[in-house]
Amino acid sequence: MSQPVEKPFWQTKTLDEMTRDEWESLCDGCARCCLRKLEDEDTGDIYYTDLACRYLQEDQCRCSVYENRSEKMLDCVGLKPEHVYEFFWLPNTCAYRLISEGQDLPEWHPLVSGTTETVHLIGISVRNRVIADNRVPEEDWEEHIINWVE
Ligand code: SF4
Ligand code: SF4
């Protein structure tokens with residue numbers, strides 16, 4: 001008789017029940033959360049731009065100051081399970097937001113596909129698509145609003 005297939009942790013645990021390794025493995029490495037965002041003061045709507053934090057190593061989608069990131073970039077907030085009510089600002093592809101909204105991980109997520117490359121191959125990551133924020137004056141950021149991240 002065949003054994004029942006065990007469900008993966010992200011389908012059985014809430015974010016605050018996950019181990020640290022499980023939590024970390026949810027990050028797909030897309031770096032979409034490192035893009036600069038603009039907020040409509042009247043509606044509170046968030047708009048993503050193609051301007052990436054200056055500390056992002058764009059070709060690898062890695063933070064160059066990861067250990068000191070909150071000191072280097074005051075806007076950079078580390079994600080924690082207790083802040084789940086704030087995850088609405090995360091991209092709608094982000095695993096933390098998906099799980100917090102009761103959704104499953106997509107096929108291209110490294111935990112499902114088995115490789116970190118799918119996030120780049122399918123165009124979810126920001127690799128080769130962005131400009132460092134310090135190369136554009138802040139008054140021009142509005143011109144950099146994009147629709148490929150929501
Ligand atoms: S948007 Fe989410 S999945 Fe992508 S890098 Fe940021 S935390 Fe990780
Ligand atoms: S400091 Fe690092 S993690 Fe934070 S937004 Fe910049 S590149 Fe991303």
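The table below lists the values:
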{"item": "Among (1) within 13 Å of ligand 2 (Cβ to nearest atom); (2) under 16 Å from D133 (Cα atoms); (3) not β-branched (V, I, T) - the single one E67 does not satisfy", "result": "(2)"}
{"item": "Answer residue from the stretch 123-141, given it is of a type in the set (A, V, I, L, M, F, W, C) and touching a helix residue (DSSP H, G or I) at 6+ places or on another chain (Cβ under 9 Å) and is farthest from L56 (Cα to Cα) among those", "result": "W141"}
{"item": "The stretch 68-99, residues that are more than 21 Å from W148 (Cβ to Cβ), among the small types (G, A, S) and within 11 Å of ligand 1 (Cβ to nearest atom)", "result": "G78"}
{"item": "Residue within the stretch 28-37 that is modelled with pLDDT of 95 or more and either over 21 Å from V130 (Cα atoms) or more than 14 Å from ligand 1 (Cβ to nearest atom) (or both) present", "result": "no"}
{"item": "Condition met for Q11 (within 14 Å of ligand 1 (Cβ to nearest atom), surrounded by fewer than 16 Cβ atoms within 10 Å (Cβ to Cβ), modelled with pLDDT of 95 or more and polar (S, T, N, Q))", "result": "no"}
{"item": "Scope the stretch 52-72; condition over 20 Å from R127 (Cα atoms) and either hydroxyl-bearing (S, T, Y) or outside any helix (DSSP H, G or I) (or both); matching residues", "result": "S70"}
{"item": "Filtered residues of the stretch 73-90 (kept if outside any helix (DSSP H, G or I) and closer than 17 Å to C30 by Cβ)", "result": "C76, V77, G78, L79, L90"}
{"item": "Extreme residue, modelled with the highest pLDDT, among residues of the stretch 64-83 that are of a type in the set (A, V, I, L, M, F, W, C) and within 20 Å of M18 (Cα to Cα)", "result": "L79"}
{"item": "Any chance A95 is more than 10 Å from ligand 2 (Cβ to nearest atom), in contact with an Asp or Glu (Cβ under 7 Å, 6 or more places away or on another chain) and modelled with pLDDT of 95 or more", "result": "yes"}
{"item": "Complete set of residues in the stretch 35-62 that are among the hydroxyl-bearing types (S, T, Y) and more than 9 Å from ligand 2 (Cβ to nearest atom)", "result": "T43, Y47, Y48, T49"}
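To keep it simple, each residue is scored yes or no on (1) in contact with a His (Cβ under 8 Å, 6 or more places away or on another chain); (2) surrounded by 12 or more Cβ atoms within 10 Å (Cβ to Cβ).
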{"position": "K72", "(1), (2)": "no, yes"}
{"position": "V77", "(1), (2)": "yes, yes"}
{"position": "T115", "(1), (2)": "no, no"}
{"position": "R129", "(1), (2)": "no, yes"}
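The values are calculated or read from the model by the stated rules, or taken from the named source; none is laboratory data. Since the structure is predicted, the reported quantities are computational estimates derived from the model, not experimental observations. Glycine also receives a Cβ, built like all others from the backbone with ideal geometry; neighbour counts cover every protein chain displayed.
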